[in-house]
1. Name every residue in region 131-154 that is without any contact (Cβ under 8 Å) to a residue 12 or more places away in the chain and either charged (D, E, K, R) or not in a strand (DSSP E or B) (or both), in order of residue number.
2. Go through region 7-117 and tell me which helices (runs of 4 or more DSSP H), entirely inside it, have 1 or more residues that are small (Gly, Ala, Ser), out of contact with any strand residue (DSSP E or B) (no Cβ under 6 Å at 6 or more places or on another chain) and free of Cβ contacts under 8 Å to residues at least 40 places away in the same chain.
3. If LEU128 satisfies every condition in (1) crowded, with 16+ Cβ neighbours inside 10 Å; (2) assigned to a strand (DSSP E or B) but one, which is the exception?
4. Does ILE123 meet the test of being aliphatic (A, V, I, L, M) and surrounded by fewer than 19 Cβ atoms within 10 Å (Cβ to Cβ)?
5. It is to be established whether one or more residues within region 104-120 are over 15 Å from the mean Cα position of the chain (by Cα) and closer than 20 Å to HIS151 by Cα.
6. Which of the residues belonging to region 42-66 are under 17 Å from GLU108 (Cβ atoms) and either modelled with pLDDT under 90 or among the aromatic types (Phe, Trp, Tyr) (or both)?
7. Output the residue which, of all residues in region 87-98 that are over 11 Å from LEU116 (Cβ atoms) and crowded, with 21+ Cβ neighbours inside 10 Å, is modelled with the lowest pLDDT.
Amino acid sequence: MVKLRALTQEDAETTWKWRNLPDIKYFFSGHPFPVNYEKEYKWIQSVLVSNIPHSYFAIEYQEKIAGLVALRDIDLLNRKAEYSIFVAAGKGLGRSATNQILKFGFVELGLERIWLKVMEENILAIQLYKKSGFIEEGVLRNSVFKEGKFHNEKIMSILKEEFTKNS
């Protein structure tokens, strides 16, 4: 069973290694630089002390951390947030973790819209998002520069009404 839990400082030991994996670094990380343990430890320290405007959760499977999921830039005035996820271990965990974070956002926080950006070539992630009810809204052309070239990003979102209808 997949569950979301609060991050702990001990999670840095695992998450810093993930951030240097080629696929996670390419599709998830916002920068091309290697991440050392000290940097990851400080990042986790910063997200442990506040849930707004960013709420990060560990994805736990079989009592081990298997990924991270987040609602970022939570805007309680306009009732929206940006969603992000990476799963480092295990197939099929992303759908369950996504549904749990969407429920948290729509039910617990009272959000109206949860949106995301995803690189166009990240086909597996796009499939997950569509299965979870996200709808494509548009494309940000040449918005990410990685490995010497520009890449497009898709903007996708799901509204509370759509989530409720599909739950």
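1. Result: ARG141, GLY148, LYS149.
2. Because the criterion is at least 1 residues that are small (Gly, Ala, Ser), out of contact with any strand residue (DSSP E or B) (no Cβ under 6 Å at 6 or more places or on another chain) and free of Cβ contacts under 8 Å to residues at least 40 places away in the same chain, the helices (runs of 4 or more DSSP H) in region 7-117 that meet it are 12-18, 37-48.
3. So the condition that LEU128 fails would be (2).
4. Details: aliphatic (A, V, I, L, M): yes; surrounded by fewer than 19 Cβ atoms within 10 Å (Cβ to Cβ): yes.
For ILE123, the condition - aliphatic (A, V, I, L, M) and surrounded by fewer than 19 Cβ atoms within 10 Å (Cβ to Cβ) - is met.
5. Yes, the conditions are met somewhere in region 104-120.
6. Within region 42-66, SER50, ASN51, ILE52, TYR56, PHE57 meet the criteria.
7. Taking region 87-98 as the starting set, the residues that turn out to be over 11 Å from LEU116 (Cβ atoms) are 87-97.
After this cut, where a residue has to be crowded, with 21+ Cβ neighbours inside 10 Å as well, the list is 87, 94, 97.
Numbers: VAL87: 89, GLY94: 93, ALA97: 96.
The qualifying residue modelled with the lowest pLDDT is VAL87.
Every residue, every condition in (1) within 18 Å of LEU128 (Cβ to Cβ); (2) within 17 Å of the chain's Cα centre (by Cα), yes or no:
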| position | (1), (2) |
| --- | --- |
| LEU4 | yes, yes |
| LEU7 | no, yes |
| THR15 | no, yes |
| VAL35 | no, no |
| GLU38 | no, no |
| LYS42 | no, no |
| TYR56 | no, yes |
| ILE74 | no, yes |
| ILE85 | yes, yes |
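The values are calculated or read from the model by the stated rules, or taken from the named source; none is laboratory data. These figures come from a predicted structure and were not determined experimentally. Because the Cβ atoms are built from the backbone with ideal geometry, glycine has one as well, and the counts that use them run over all protein chains shown.
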